[in-house]
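Following: one structure in C-alpha cells, then a few remarks.
The values are calculated or read from the model by the stated rules, or taken from the named source; none is laboratory data. This one's a predicted model, so the numbers in the text were calculated from it and none came from an experiment. Reconstructed Cβ throughout: ideal geometry from the backbone, glycine too, with neighbour counts over all protein chains shown.
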Amino acid sequence: MATITRGAGSVNAPAAAAGGARESTLTAVTRYVLAGLRLALGWVFLWAFLDKLFGLGHETTTKAAWLNGGSPTDGFLSHGAQGAFTGFYHSIAGAWWADWLFMIGLLGIGVALIAGIGLRVAAAAGGLLLVMMWSVVLPPANNVFMDDHLIYAGLLAVLALTAAGDTLGLGRWWARIPFVRRNPWLK
C-alpha cells in the first residue's frame with residue numbers, strides 16, 4: 001500500500017483519499033459560507049447607503065433623506081455620540097465632507113462586497129469606518145467593550161484574507177485585470 005507523507009506523520013493511500021475528499025468538501029462548504037457572509041455584509045452596507053440616500057423609512061425618514069437635503073451624519077453624531085470622542089464627533093456632525101465620505105464609503109464597500117471585487121480595499125475602508133462607528137458610543141450599550149461593529153470589522157479582514165470574492169463573485173475575473181495584477185492591493 002502506498003504511503004503519503006502529511007505533516008509530522010504518514011498515512012496510507014486509502015485513508016489519504018478519504019481525507020482528501022472530506023477536506024475538499026469542507027473547503028467547498030467554507031467557500032460558500034464565506035461568500036454568503038460577504039454578500040450579507042455587503043447588503044448591510046448597501047442598505048445603509050440606500051436608506052440614507054432615499055429615506056426608505058427604516059432608519060431614515062423620507063424627509064431626512066440625503067436627496068431631500070438631510071445629513072447622513074448629523075443626527076447620530078450630534079445626538080448619539082457619548083464617551084471619549086464626543087467632542088470630535090460633534091465637531092464633524094453634518095459637515096458636507098463627512099456626509100460625502102460616509103456615503104461614498106457605504107456605497108463603495110457595499111458594492112465591492114456584493115461584487116466580490118476589491119476586497120482588500122473594502123476591508124481596510126470598512127474596518128476603519130466600523131471602528132469609527134464603534135467609537136462614537138463608548139462604552140457600547142450592550143457590552144463593556146465588544147459590539148457588532150468590531151465583529152463586522154473582523155469579518156471584513158477574514159473575507160479579504162480568504163479571497164471570498166472568488167465564490168459567487170467576480171474576484172477571479174477582477175484579479176486577472178492587468179492593472180489589478182500590477183497593483184495586488186486592489187484585489
Quick check on residue 141: is it in a loop (DSSP other than H, G, I, E, B) and among the small types (Gly, Ala, Ser)?
yes
Index of the failed condition, residue 89 passing every other in (1) touching a Leu at 6+ places or on another chain (Cβ under 7 Å); (2) in a helix (DSSP H, G or I); (3) under 26 Å from residue 165 (Cα atoms)
(3)
Listed residues 186, 155; which is out of contact with any Lys or Arg (no Cβ under 8 Å at 6 or more places or on another chain) and within 29 Å of residue 28 (Cβ to Cβ)?
155
Need pairs with beta-carbon distance below 9 Å; first residue buried (at least 18 other Cβ atoms within 10 Å of the Cβ) and within the stretch 22-51, second of a type in the set (Ser, Thr, Tyr) and in a helix (DSSP H, G or I); sequence gap 6+ or separate chains.
41/152
Could you say whether any residue in the stretch 118-135 is within 14 Å of the chain's Cα centre (by Cα), modelled with pLDDT of 95 or more, under 30 Å from residue 76 (Cα atoms) and in a loop (DSSP other than H, G, I, E, B)?
yes
Only one of (1) loosely packed, with under 15 Cβ neighbours inside 10 Å; (2) at pLDDT 95 or above fails for residue 18. Which number is that?
(2)
Identify all residues within the stretch 85-143 that are surrounded by 15 or more Cβ atoms within 10 Å (Cβ to Cβ) and β-branched (Val, Ile, Thr); write none if there are none.
86, 92, 109, 111, 114, 117, 121, 136, 137
